[in-house]
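Here the structure is laid out as structure tokens; the discussion comes afterwards.
The values are calculated or read from the model by the stated rules, or taken from the named source; none is laboratory data. Since we're looking at a predicted model, the values are computed, not measured. So basically every Cβ, Gly included, is an ideal-geometry build from the backbone, and we count neighbours across all protein chains shown. Calculation scope for accessible area: heavy atoms of the full protein, side chains included, ligands and nucleic acids excluded. Shrake-Rupley method; radii C 1.70, N 1.55, O 1.52, S 1.80 Å.
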Amino acid sequence: MACNENIIKNIASEVTRNCQVQYVTVEEDYVTYLIELLLLNPKYGKLLSKTINRNNLEYFVNECVAMLIRGEIPITTLKMQFVMQKNYDRLQNLIDKHLESINNCLRPLVDEILDEEPKSSGEADSKKLFRKISIYIILASGLGNPSQIINLKEGVAALESVFSLEDLRVFVALPVPEKLAQLNELVQIVSGVRLFNRDCKKGGEGIPDLPFNLVDAGRACLSSLSNNLVVVMQRVNMLSTAIEDSVIIQNETGNVEIDVAAELTRDNYIQIFDLLAFYRQYEVYTRKFLNDVDVLVQSATQCVERVRIILQDLHTAVKYKAAVPVRTVFPLFSKLWQVWRDMQNIMFLVSTINRLMTTLASIDEQIKMPTHILDKMLAGKQVLNDQERMEQVKTEERLSLGSLKNYVNNDSNLTALKESNVQFLGFCVLCLTVGALIPSNMKIGHIKYKGSRYGFCNVKMATSFSKTPQRYLNEVLDYARNNPHVIHLFNILEEVDRVKAVDVLISKYLPKKKVCDKDIQTETHPVDSYIEKNYTSDLWEWKRRACQLATIVNCRTHSTQTDYSHLRSEIQCQTVELRDKGLQTIKDCGVNTAPKNTFLWGLRGQIGDGQHVLPLQDAPHLEKQKAQPITTCNWLCQKADQLGASESIIEELEAQTISTNVDREE
């Protein structure tokens with residue numbers, strides 16, 4: 001795979017920087033944890049499988065940044081899982097890591113003690129080395145602070161009681177492995193001496209009362225965890241009741257779908273599914289803490305009793321004796337220290353659990369319950385817990401499961417069932433294909449497949465799973481790799497990793513189309529009033545008509561004179577009467593053209609040859625003037641008088657008129 005550990009670190013660094021630009025602070029280790037889970041999905045894994053393209057890398061980084069900025073419920077669930085995986089492990093592993101961290105811190109001081117070379121003289125150097133050994137014993141045992149003078153004096157006095165300066169010179173001359181073994185032995189003996197002196201009220205300044213504090217801290221932690229579990233289970237029961245009827249299975253195809261109620265959407269159900277997954281993960285961690293603290297409280301009680309017995313033996317051994325054999329008292333001191341060390345480890349584990357519970361509670365405070373959605377889903381329902389839900393199974397429904405393949409009835413041994421390995425934490429397999437964490441019912445029974453048991457919430461789900469179990473298991477894996485927050489919840493990291501190279505893990509089943517034969521009675525003549533005249537049932541008649549229509553294309557047409565040809569209308573011109581104003585226009589103009597500017601006067605009913613051309617109005621296109629009274633005559637005769645024509649001209653005109661009349665009479 002091209003995307004190795006170094007490349008993942010570089011991608012995580014880039015994602016962290018991009019988130020800081022958006023004012024979102026995330027840990028680089030958490031981003032690495034998220035990237036490793038996302039690469040299990042072929043959608044992202046194929047992008048970085050062979051040759052890393054810059055475009056693909058940028059797309060993947062943007063997707064990671066968008067997820068972290070949105071901060072949805074699945075991201076919060078992943079944050080909780082990361083905190084637990086980073087800070088919590090098996091109890092013995094936590095103790096080993098704690099002791100190793102203490103040794104790493106004290107290693108420089110141990111190296112100084114072991115590297116001290118023997119010298120013939122130098123009492124000051126011997127006392128300095130003696131003081132170093134005392135400081136190391138106080139720090140390694142955790143019994144006080146050597147920076148305080150009283151604690152240092154008690155440590156030096158306890159060391160001098162079992163280890164003299166002569167023994168120190170012998171110690172310096174030993175090989176390094178023997179030095180280290182004797183140094184560890186001194187830690188046990190000197191610490192036991194200081195604890196015994198504390199019990200005798202002769203010292204023990206700075207040493208806590210661990211037996212009393214341990215039992216008290218364990219009980220307080222148990223009480224806090226129990227109260228927290230009650231709150232978590234109330235929310236789990238409420239969310240489970242809200243969605244227990246929302247998952248249905250189709251009878252024909254076997255597809256599992258979400259039954260969306262009125263006034264709700266599919267996104268509302270997915271939000272509730274993610275919220276239920278968060279609180280189920282919270283429940284798992286809280287129950288794990290409860291079990292571990294219960295074990296620690298029992299171990300603490302035993303350790304307190306052992307300390308009491310060992311102290312009694314020490315008091316008995318040294319009572320009324322001025323000198324006590326080393327072989328008798330040193331093993332008791334070592335045993336006392338070992339039990340005290342166990343109590344210190346228990347106290348460390350209890351404090352670690354308290355610190356983690358505080359961290360998980362702060363993560364829980366970031367979650368907001370969608371009360372408006374839950375009120376609609378819980379309308380008319382009674383909130384039930386898992387035990388009450390189990391009692392609702394009917395006996396007659398369970399009897400039909402006996403014929404299923406690999407069916408296991410759980411009535412005979414419910415105690416063994418709780419200890420058996422039920423996959424997916426006992427949730428219904430078919431409901432998990434859509435992300436709904438609905439608990440299975442143990443009274444229905446289980447179905448075994450490939451050595452594992454699977455539970456179901458009702459009989460119908462169990463029947464469908466028994467037919468094609470691998471199909472539904474693949475659907476669960478496909479949902480898990482697309483929603484990485486459920487991978488560690490169900491402990492299926494290995495199963496998802498095996499199918500990360502498979503692009504299409506499931507195939508969608510579609511319902512079959514049904515075909516059937518039916519007789520339909522129709523009317524003989526639906527429309528009696530219409531009869532098609534050209535209709536024929538003869539196929540050859542249709543062919544003949546088609547040939548006729550085809551030959552028309554090649555024919556030529558011509559005109560013929562008929563008896564009705566004279567019924568033709570003459571050409572006429574449509575005229576429009578003169579109008580004095582324009583219509584539907586904003587311009588000041590007329591709609592008619594200007595007429596001619598001259599007029600021939602005297603063509604009709606005039607005597608003589610008095611025809612002449614008269615000019616008309618100079619500007620006919622101007623606005624029409626109103627009628628005015630005539631003051632002067634515009635006729636030619638009047639014009640002659642106005643122009644001052646002589647009387648001879650008038651007489652000449654009259655003579656011409658008389659001669660013309662005479663000629664006409666002749």
Quiz prompt | Lys, Arg +1 and Asp, Glu -1 on Cβ, resulting dipole of the range 232-361 about Cα centre, debye, nearest 20 | solution = 1720
Practice problem: For the range 325-386 and the range 144-218, compute the distance between their C-alpha centroids and round to whole Å. | Solution: 31
Quiz prompt | Share of carbon and sulfur in the accessible heavy-atom surface of the range 189-231 [1.4 Å probe, %] | solution = 51
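Using the structure shown, list the pairs from LYS43/LYS467; LYS405/LYS460; LYS467/LYS508 with a Cα-Cα distance above 21 Å, or answer none.
On the way: LYS43/LYS467 30 Å; LYS405/LYS460 14 Å; LYS467/LYS508 17 Å.
Distance filter (> 21 Å) returns LYS43/LYS467.
Any chance you could list the semi-axes, whole Å, largest first, of the equivalent ellipsoid that the Cα gyration tensor gives for the range 60-150, using √(5λ)? Intermediate results must be reported in sequence, preceding the final value.
Values: eigenvalues 481, 45, 30 Å².
So the three semi-axes of the range 60-150 are 49, 15, 12 Å.
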Self-check item: Among LEU214, LEU152, ASN251 the positive-end extreme of the charge dipole of the range 143-268 (Cβ point charges)
Solution: LEU152
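Stretch GLU577-ASP89 to full length: gain in nm at 0.36 nm per residue minus the Cα-Cα span?
Numbers: separation 488, 0.36 × 488 = 175.68 nm, distance 11.01 nm.
Going from the current span to full extension adds 164.7 nm.
Given +1 on the Cβ of Lys and Arg, -1 on the Cβ of Asp and Glu, and no further charges, what dipole in debye does the range 193-254 carry about its Cα centre, rounded to the nearest 20? The partial results should precede the final answer.
Details: 6 positive and 7 negative charges, 136 e Å.
Dipole magnitude for the range 193-254 comes out near 660 debye.
Rg(Cα) of the range 1-72 divided by 2.2 N^0.38 Å?
Details: Rg = 11.4 Å, N = 72, 2.2 N^0.38 = 11.2 Å.
Compactness ratio reported: 1.02.
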Quiz item: If you put +1 on each Lys and Arg Cβ and -1 on each Asp and Glu Cβ, how big is the dipole of the range 413-549 around its Cα centre, in Debye rounded to 20?
Solution: 440
Quiz item: What is the set of long-range amide H partners of VAL247 at a cut-off below 5 Å, with H atoms built 1.01 Å from backbone N?
Solution: ASP259
Quiz item: How do ASP364, ASP375 stack up against each other in accessible area, from largest to smallest, with a 1.4 angstrom probe?
Solution: ASP375, ASP364
Quiz item: Over all pairs of distinct alpha carbons, what does the Kirkwood formula give as the hydrodynamic radius of the range 202-242, in Å?
Solution: 13.0
Exercise. Could you go through the range 499-507 in sequence order and give the Karplus-derived ³J(HN,Hα) for each residue, using 6.51 cos²θ - 1.76 cosθ + 1.60 with θ = phi - 60°, rounded to whole Hz, and x for Gly and Pro?
Key: 10, 5, 8, 8, 5, 10, 8, 10, 10
Quiz item: Just the projected area, averaged over all directions, of the convex hull on the alpha carbon atoms of the range 99-255: how many nm²?
Solution: 17.1
Quiz prompt | Rotationally averaged projected area of the range 244-380 (alpha carbon convex hull; nm²) | solution = 14.9
Practice problem: Under 12 Å from a label point 7 Å along Cα→Cβ of MET369: give me every residue in the range 210-249 with its amide N that close. | Solution: 231-240
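What FRET efficiency comes out for the pair ASP519/ASN251, r = Cβ-Cβ distance, R0 = 25 Å, nearest 0.05? Spell out each step's value before the answer.
Details: r = 29 Å, r/R0 = 1.14.
After rounding to 0.05, the efficiency reads 0.30.
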Self-check item: Hypothetical label at ALA181: residues of the range 133-172 whose amide nitrogen lies under 16 Å (7 Å Cα-Cβ projection)
Solution: 171-172
Quiz item: Once the dipole of the range 9-128 is set up with Lys and Arg at +1 and Asp and Glu at -1 on Cβ about the Cα centre, which of MET67, ASN103, THR16 lies farthest towards its positive end?
Solution: MET67
Practice problem: Using a 1.4 angstrom probe on heavy atoms only, work out the carbon and sulfur share of the accessible area of the range 1-147 in %. | Solution: 47
Self-check item: Interchain or long-range residues, amide H under 5 Å from PHE427's placed H
Solution: SER440
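Could you work out how much longer the chain between PHE348 and ALA262 gets when fully extended? Use 0.36 nm per residue separation minus the Cα distance between them, nm to one decimal.
Values: separation 86, 0.36 × 86 = 30.96 nm, distance 5.28 nm.
Extending this stretch completely gives an extra 25.7 nm.
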Self-check item: Pair GLU166, MET390: separation of 7 Å Cα→Cβ label points (nm)
Solution: 7.2
Quiz item: On the first, second and third principal axes, largest extent first, how far apart are the outermost C-alpha atoms of the range 172-314 in Å?
Solution: 84, 38, 24
Practice problem: Apply the Debye scattering formula to the range 340-383, with a single equal point scatterer on each alpha-carbon and no solvent, then give log10 I(q)/I(0) at q = 0.19, 0.32 Å⁻¹. | Solution: -0.71, -1.00
Quiz item: Ranked highest first by average number of other Cβ atoms within 10 Å, how do 486-493, 245-252 line up?
Solution: 486-493, 245-252
Practice problem: Multiply the residue gap between GLN22 and THR468 by 0.36 nm, knock off their C-alpha separation, and tell me the result in nm, one decimal place. | Solution: 155.8 nm
